[in-house]
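Take a look at the structure below.
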Amino acid sequence: MNPTEMLGLSLVLMSAAVLPGLSSMMVISNTMITGVRSGVLTVAGVVLGDLIWLSLALSGLGLIYPFLESHWFIVRLLAAIFLLFLVLQLCINHQQSPDRSETVPRKRHYSGWLSGFIVTMTDLKAVMFYLAILPAFVDLASLSTSDMVAVMIITVVSVGLGKLAYVLLTLRLRSMLTGRWLRLVRYCSAMLLFLVAASLLFQS
């Protein structure tokens, strides 16, 4: 890969990362409710999901795409069940004060990582992105090992920075809200996650 291709791929990946979507909503929700650690871990989950799709694309995603498509409902069903579990956690644990992230159990932080990962892995748009956009910047047939490593590093940095921008913006907003407003955000987030789970079940 030459520097122009690297720069172009980086800009496209970062632009895609900052566009509003399910993963961005998950980063905002977890950061707002649980704090910066959960937000950063959610970003890490999103980046890992992107890396897996990238690895599949580099190894010939087009060959296994028909298999993924035929079993997509099972993947979406498992993701929806997990998201509904998060909705129950948000609604049941209302007695826990959301104002201080250090009071949140560590397992809640790591559920943020898992939620970011699952949302990315069930996002069919991510599959289409790596199938359609990546070949425009990378000749998949002639990639060397160093090129593959470079593409993965570019993906981690570009997607990570794009999603971390949401963490920083959310933290700024979070600092201006009182406990009552944060509780309202908790229930709004639960409703949004419920809608996401429903969309996973009923999307065509």
Would you please put 36-45, 8-17, 158-167 in order of how densely packed they are, using the mean number of other Cβ atoms within 10 angstrom per residue and starting with the highest? 36-45, 158-167, 8-17
What list of whole percents do you get for P(r) of the range 1-48, with Cα-Cα distances grouped in 5 Å bins up to the one holding the largest distance? 5, 21, 21, 19, 13, 10, 7, 3, 0
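Only the coordinates and a few stated rules stand behind these numbers; no lab work does. On a predicted model such as this, the values are computed, not experimentally measured, just so you know. We place every Cβ from the backbone using ideal geometry, glycine too, and count neighbours over all the protein chains shown.
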